[in-house]
Structure formats: C-alpha cells, structure tokens
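One structure is given here, and the rest of the page talks about it.
Please treat every number below as a calculation from the coordinates, not as lab data. None of the values given here were measured: they were computed from a predicted structure. Note: ideal-geometry Cβ built from the backbone for every residue, glycine included; neighbour counts use all protein chains shown.
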Amino acid sequence: MAADQTNDSETPNTQPPAQPETQPAAQPAPDPALKPKELKRVKVGHVLFLILAVCCTIALAWWQWSRFRSGSGTFQNLGYALQWPMFGAFFVIAYRKYLQYENEAIELENEELGLTTPDPHAEPKSPRRSQEEEFSALLDDFLPERPSLDVEQFNELNVQRRGSSELAKNPKHPETPDDTPTADAT
C-alpha cells in the first residue's frame, strides 16, 4: 500500500487543479436512506392501448364517412367523420401531457427533498404559489372594499317589522293606520 502512495506522488500531475464547485443556497443534506423517485417512462402497455384507441377512432371516422356517402347520410355524419380523428389525436396528446406533468412533479419533489442537484444551466424556476394564495391575491386586488357598519347603523337599517307592538312607537317608522288591524288585535 505504501508503494501505491509513492507511485501516486512520483507521477507528475498534468491535470489542472479542480475548481471548487459553487453550490446553491443552503440545501438540507439528503438522507442517505432516501432514494430519488424515478421519472415515469413510456410503457409498452400504454403504447398498445394508444394504438388501439387511435385505430378505433379511425375506424369510427371511416364508418361515419361511409354513412355520409350513402343515400341516407347527412351532414351530421360528415361532422362525426371529421371529429373522430381529432379524438384519436387527443388521446396521444393527453398521454404525452400526463407524462410531462407527472415527471415535473417528481422532479420538484426530488429537488425539495434534496435528492437531486439542480442543473446550473437551467433557467431558474419561479416560486410556485398555492392556488389559495393566487385566489386570495386575486380577490384582494379585484373586489372593492366592503363597507363597515357599526351596530347602531345596522339596527337602524334593519328594523324588525313583525311580531312586536313596539314598532308603532318607534319614531323612525310611521305608525300603522287605524283602519288596518295590528298583530295584537284579536
């Protein structure tokens, strides 16, 4: 073992000294027991299902086209013949977006746990706010200020009108005419 150390020290160092890497702001040390989650990948079963779904939509489009070309066909059949291939394209686009969103969520979770190092060449991500913060921020900026009433103003505006004989004595409300019966009259 000592011979190995002397050989290392005798060989000239032709490589430049390693530059210390700059690390981003303090990240918590990852737990050695934790492993980063793997990204979702395209699976054979999913591809077969997509092929089957697209083939079905193309077959339905051909059937609607043949109905349109027959004597009893209508423009509704033509509309369906043009619409079915769009459904097939939707299946493919939705699957790709599903994979993209799931992988972004996994990457974000791995970064929050400190299991991966962010790419130094990547653009910095804007901090995400929760939907509640976005919603409340919109309401605070958008809605007008609510008027505030003290108890006396509220009571003046909302006087009880039924079940009390004291209403006729209230100076802010006119007395009931004599010819109409009151709630106390029997």
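Residues are listed down the side, and each one gets a yes or a no for (1) touching a helix residue (DSSP H, G or I) at 6+ places or on another chain (Cβ under 9 Å); (2) surrounded by 11 or more Cβ atoms within 10 Å (Cβ to Cβ):
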{"site": "Leu39", "(1), (2)": "yes, yes"}
{"site": "Leu48", "(1), (2)": "no, no"}
{"site": "Cys55", "(1), (2)": "yes, yes"}
{"site": "Ile58", "(1), (2)": "yes, yes"}
{"site": "Ser70", "(1), (2)": "yes, no"}
{"site": "Gly73", "(1), (2)": "yes, yes"}
{"site": "Leu78", "(1), (2)": "yes, yes"}
{"site": "Tyr95", "(1), (2)": "yes, yes"}
First in the stretch 45-64 and over 19 Å from Arg96 (Cβ atoms), second anywhere and surrounded by fewer than 14 Cβ atoms within 10 Å (Cβ to Cβ) and not β-branched (Val, Ile, Thr), Cβ under 8 Å, 6 or more apart: Ala61/Leu82; Ala61/Gln83
